[in-house]
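Undergrad: Got a structure for you, questions after.
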Amino acid sequence: MNENYRRLAVRNPRTGADDYEIQAPGAASLAATAGRLRSAQKAWSRAGIEHRASVLRDWSAALLARPEPLLDALSTDTGRFLLARSEVNALGGMVAGYSALGRQLLADSPGRDSVTPGVFIRSQLVPYPLVGVISPWNFPFLLSTLDAIPALLAGAAVMVKPSEVTPRFVAPLMDSIARFPELAGVFHVFAGDGASGAALLDQVDAVCFTGSVRTGRSVGEHCAQRFIPSFLELGGKDPAIVLPGADPEQAASIVLRASVQGTGQACQSLERVYVPEQEHDAFVEALLRQAAQVRLNWPDMHQGHVGPLIFAPQAEIIASHLRDAVERGAVIRHGGQIESHGGGLWLLPTVVTGVNHTMLLMREETFGPVIPVMPYRDLDEAVALANDSDYGLSAAVIGDESLAQEIALRMEAGAISINDGALTTEVFDAEKNAFRLSGLGASRMGPSGLLRFLRRKALLIQRGRARDIAMLDESLAAAGPAASAVGER
Ligand code: NAD
């Protein structure tokens with residue numbers, strides 16, 4: 001093996017065995033790849049949006065026509081099948097949606113007169129030549145492509161480094177890209193660890209990072225030192241407010257799904273639930289009844305609702321949050337025990353009552369299928385509790401739609417699902433910004449999701465009298481404001 005690579009073992013989340021290996025590239029190898037991508041990017045950028053959209057459409061259609069190798073690898077990475085399939089299937093819509101948007105946003109504009117007399121303005125959009133994407137282990141394929149696709153459509157070349165915890169999908173993905181040489185020239189996905197991610201930061205012109213606040217802070221600091229933009233999508237502790245009068249069965253069903261999806265290993269999982277104190281018991285009863293129906297996807301991956309914990313150390317974080325809550329007076333009403341089956345780690349939906357904001361469970365990202373429920377006296381208190389967090393990624397409000405919109409206005413979070421939960425997993429065309437520690441930079445969704453990869457260059461075309469040295473003559477001031485100097489109109 002080339003000394004520029006390091007071997008890393010990869011754990012299987014269903015068996016606990018290290019049954020895969022990656023070779024993480026070092027800085028020299030990354031620099032060589034970056035150089036190759038930069039050269040090809042020039043023609044890619046010149047080729048225009050229509051051509052780029054057609055290359056991406058052909059590639060994604062070919063991949064989706066024969067998704068098995070990718071799907072097998074991704075479901076082994078994550079220990080679940082249905083969500084792996086949704087991640088892969090999302091590619092078609094993503095390519096089509098961003099291509100349509102790209103045609104609109106990159107269309108030639110005729111220009112306009114400036115408010116400065118005589119000057120005509122046109123603009124040119126210039127992509128960052130090379131965009132780096134660093135993604136986490138919870139939705140490995142989706143979060144590796146969500147930023148890469150609009151960046152490629154914008155005309156950039158892209159290097160993606162997924163998490164070392166879930167890297168099996170990289171090989172089949174690269175196989176599919178290799179069948180489209182033009183795309184392979186500008187799109188490279190490689191397996192590597194944190195050190196490879198850090199090395200990537202020195203090779204690129206803009207960075208999309210999805211991951212923890214801790215790593216995001218260091219990525220942001222590094223990019224600031226290099227004066228390159230970083231778009232940071234970080235953790236969350238999403239609250240749900242159940243409004244007075246909401247149907248408890250419906251509210252419980254929304255909360256259960258949005259807390260348990262992906263085994264709660266999702267940034268936009270509902271991790272805190274606030275219900276009116278008079279309706280607390282009816283809601284908890286409905287939640288317990290529904291939670292009792294939920295099954296682990298063990299021993300058969302194709303049965304049940306809840307997959308294994310993907311990242312083994314997460315089990316100890318979840319257990320420590322539960323221990324801390326119980327020590328401070330909380331009661332676990334369902335679930336609560338990390339279960340070991342066949343070497344993998346699982347947790348049933350865990351419903352906790354008697355919680356308060358001194359507990360880790362209500363303050364820090366748990367990243368498991370844990371649902372703490374807390375009563376509130378009135379809506380002012382509900383909003384104050386929801387906003388009492390270091391995070392501000394997203395949130396949910398359940399109940400009367402117009403009241404929910406009023407409450408949403410007061411909530412400090414970037415996306416509020418109303419009468420559903422965690423809709424940002426599926427809805428990619430609504431712009432949103434993270435609040436507080438949940439992220440920084442332009443929205444990854446909607447038009448800004450593509451425009452953020454372009455710098456706007458202004459062409460200031462003088463069609464009147466060009467500025468000349470006579471305009472700097474001090475004596476012009478005595479002649480009155482009409483005898484204009486530079487900068488005056
Ligand atoms: P992580 O921060 O540990 O790792 C994320 C990625 O960063 C990995 O690819 C890792 O190899 C890489 N990395 C590690 N150190 C690095 C460094 N010094 N420089 C550059 N890259 C480095 O996060 P994780 O545990 O993989 O993911 C879980 C976190 O991701 C949770 O906090 C979750 O909320 C967050 N997340 C956020 C969103 C969002 O859209 N806001 C979506 C999914 C996950």
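The values are calculated or read from the model by the stated rules, or taken from the named source; none is laboratory data. Computed from a prediction, not measured in an experiment: that's the story for all the values here. Every residue, glycine among them, receives a Cβ derived from its backbone with ideal geometry; neighbour counts consider all protein chains shown.
Undergrad: I need the full set of residues from segment 16-50 which are surrounded by fewer than 16 Cβ atoms within 10 Å (Cβ to Cβ), small (Gly, Ala, Ser) and over 17 Å from ALA199 (Cα atoms), in order please.
TA: ALA17, SER39, ALA43, ALA47, GLY48
Undergrad: Could you tell me whether segment 276-293 includes any residue that is within 15 Å of the ligand (Cβ to nearest atom) and in a loop (DSSP other than H, G, I, E, B)?
TA: Within segment 276-293 (the criterion being within 15 Å of the ligand (Cβ to nearest atom) and in a loop (DSSP other than H, G, I, E, B)), the answer is no, since none of the residues qualifies.
Undergrad: Does GLY262 satisfy the criteria of being modelled with pLDDT of 95 or more, within 16 Å of the ligand (Cβ to nearest atom) and farther than 15 Å from MET362 by Cα?
TA: Criteria met by GLY262.
Undergrad: Against the conditions (1) away from the ligand (no atom under 16 Å from the Cβ); (2) in contact (Cβ under 8 Å) with a residue 12 or more places away in the chain; (3) under 22 Å from the mean Cα position of the chain (by Cα), where does ALA100 fall short? Just the number, please.
TA: (2)
Undergrad: Only one of HIS302, HIS341 is away from the ligand (no atom under 16 Å from the Cβ), surrounded by fewer than 19 Cβ atoms within 10 Å (Cβ to Cβ), modelled with pLDDT of 95 or more and farther than 20 Å from PRO140 by Cβ; which?
TA: Only one candidate qualifies: HIS341.
Undergrad: In segment 256-295, what residues are of a type in the set (A, V, I, L, M) and more than 25 Å from LYS432 (Cβ to Cβ)?
TA: Passing the criteria: VAL275, ALA282, VAL284, ALA286, LEU287, LEU288, ALA291, ALA292, VAL294.
Undergrad: Does ILE228 satisfy being modelled with pLDDT of 95 or more and either within 10 Å of the ligand (Cβ to nearest atom) or over 22 Å from PRO349 (Cα atoms) (or both)?
TA: Yes; evaluated as a whole, the condition is true for this residue.
Undergrad: Further, regarding this structure: For segment 157-189, which positions are within 11 Å of the ligand (Cβ to nearest atom) and out of contact with any Ser or Thr (no Cβ under 7 Å at 6 or more places or on another chain)?
TA: Hits for segment 157-189 are GLU164, VAL165, PRO167.
Undergrad: Being of a type in the set (S, T, N, Q) and modelled with pLDDT under 95 is the filter here, so list the residues in segment 438-476 that pass it.
TA: SER475, the sole residue that qualifies.
Undergrad: Also, quick follow-up: What single numbered condition from (1) within 10 Å of the ligand (Cβ to nearest atom); (2) surrounded by 20 or more Cβ atoms within 10 Å (Cβ to Cβ); (3) closer than 26 Å to HIS321 by Cα fails to hold for VAL242?
TA: With (1) within 10 Å of the ligand (Cβ to nearest atom); (2) surrounded by 20 or more Cβ atoms within 10 Å (Cβ to Cβ); (3) closer than 26 Å to HIS321 by Cα applied to VAL242, the lone miss is (1).
Undergrad: Still on this structure: How many of the residues making up segment 229-245 are over 19 Å from the mean Cα position of the chain (by Cα) and part of a loop (DSSP other than H, G, I, E, B)? Walk me through it before giving the result.
TA: Taking segment 229-245 first, the residues over 19 Å from the mean Cα position of the chain (by Cα) are 240-245.
If we keep only those that are part of a loop (DSSP other than H, G, I, E, B) too, we end up with 243-245.
Residues flagged as over 19 Å from the mean Cα position of the chain (by Cα) and part of a loop (DSSP other than H, G, I, E, B) within segment 229-245 amount to 3.
Undergrad: Sticking with this one: Say we look at segment 419-473 and pick out the residues that are in a loop (DSSP other than H, G, I, E, B) and among the aliphatic types (A, V, I, L, M); which of these is nearest to the ligand (Cβ to nearest atom)? Break it down into steps so the answer makes sense when it comes.
TA: Residues of segment 419-473 that are in a loop (DSSP other than H, G, I, E, B), as a first pass: 419-422, 426-434, 437-438, 441-447, 452-453, 463-468, 473.
From what is left, the residues that are among the aliphatic types (A, V, I, L, M) are 422, 427, 430, 434, 437, 442, 445, 466.
Values: ALA422: 11, VAL427: 13, ALA430: 14, ALA434: 7, LEU437: 10, ALA442: 13, MET445: 10, ALA466: 49 Å.
It comes out as ALA434.
Undergrad: Can you pull out every residue in segment 322-355 that is assigned to a loop (DSSP other than H, G, I, E, B) and over 23 Å from ALA422 (Cα atoms)?
TA: Matches in segment 322-355: ARG328, GLY329, ALA330, GLN337, ILE338, GLY342, GLY343, GLY354.
Undergrad: Taking the conditions exactly as written (closer than 18 Å to PRO447 by Cα, of a type in the set (Val, Ile, Thr) and touching a Cys at 6+ places or on another chain (Cβ under 9 Å)), does VAL126 satisfy them or not?
TA: no
Undergrad: Here is a further query. If we scan segment 218-235, do we find a residue that is under 30 Å from PRO308 (Cβ atoms) and surrounded by fewer than 18 Cβ atoms within 10 Å (Cβ to Cβ)?
TA: Yes, segment 218-235 contains a residue that is under 30 Å from PRO308 (Cβ atoms) and surrounded by fewer than 18 Cβ atoms within 10 Å (Cβ to Cβ).
Undergrad: Go through (1) among the β-branched types (Val, Ile, Thr); (2) farther than 23 Å from GLY245 by Cβ; (3) not in a helix (DSSP H, G or I) and name the single condition ILE416 misses.
TA: The one condition ILE416 does not meet is (2).
Undergrad: Let me ask you something else. Which of the following residues is within 19 Å of VAL119 (Cα to Cα) and surrounded by 10 or more Cβ atoms within 10 Å (Cβ to Cβ): LEU437, LEU460?
TA: LEU460
Undergrad: Report whether or not SER196 is away from the ligand (no atom under 14 Å from the Cβ) and either buried (at least 20 other Cβ atoms within 10 Å of the Cβ) or assigned to a helix (DSSP H, G or I) (or both). Before you say what the answer is, go through the steps one by one.
TA: On the way: away from the ligand (no atom under 14 Å from the Cβ): no; either buried (at least 20 other Cβ atoms within 10 Å of the Cβ) or assigned to a helix (DSSP H, G or I) (or both): yes.
No; evaluated as a whole, the condition is false for this residue.
Undergrad: Same structure again: Those residues that are within 25 Å of VAL306 (Cα to Cα), in a strand (DSSP E or B) and not aliphatic (A, V, I, L, M), I need them from segment 356-377; list them, please.
TA: PRO372
Undergrad: While we're here: Every residue in segment 200-225 that is within 8 Å of the ligand (Cβ to nearest atom) and outside any strand (DSSP E or B), please.
TA: Passing the criteria: LEU200, LEU201, GLY211, SER212, VAL213, ARG214, THR215, GLY216, SER218, VAL219, HIS222.
Undergrad: While we're on this one: Taking into account only those residues within segment 129-145 that are surrounded by fewer than 24 Cβ atoms within 10 Å (Cβ to Cβ) and assigned to a loop (DSSP other than H, G, I, E, B), which is nearest to the ligand (Cβ to nearest atom)?
TA: TRP137
Undergrad: In addition: Please give the number of the condition PRO110 fails out of (1) within 15 Å of the ligand (Cβ to nearest atom); (2) assigned to a loop (DSSP other than H, G, I, E, B).
TA: (1)
Undergrad: Which residue out of ARG295, ARG272 is in contact (Cβ under 8 Å) with a residue 24 or more places away in the chain and either touching a Pro at 6+ places or on another chain (Cβ under 6 Å) or of a type in the set (D, E, K, R) (or both)?
TA: So the residue among ARG295, ARG272 that is in contact (Cβ under 8 Å) with a residue 24 or more places away in the chain and either touching a Pro at 6+ places or on another chain (Cβ under 6 Å) or of a type in the set (D, E, K, R) (or both) is ARG272.
Undergrad: Does at least one position in segment 98-115 carry a residue that is at pLDDT 95 or above, in contact with a helix residue (DSSP H, G or I) (Cβ under 6 Å, 6 or more places away or on another chain), of a type outside the set (S, T, N, Q) and over 18 Å from PRO447 (Cα atoms)?
TA: No, segment 98-115 contains no residue that is at pLDDT 95 or above, in contact with a helix residue (DSSP H, G or I) (Cβ under 6 Å, 6 or more places away or on another chain), of a type outside the set (S, T, N, Q) and over 18 Å from PRO447 (Cα atoms).
Undergrad: Let me ask you something else. Across segment 174-193, what is the total count of residues that are surrounded by 24 or more Cβ atoms within 10 Å (Cβ to Cβ) and closer than 22 Å to MET94 by Cα?
TA: Of the residues in that region, 2 qualify.
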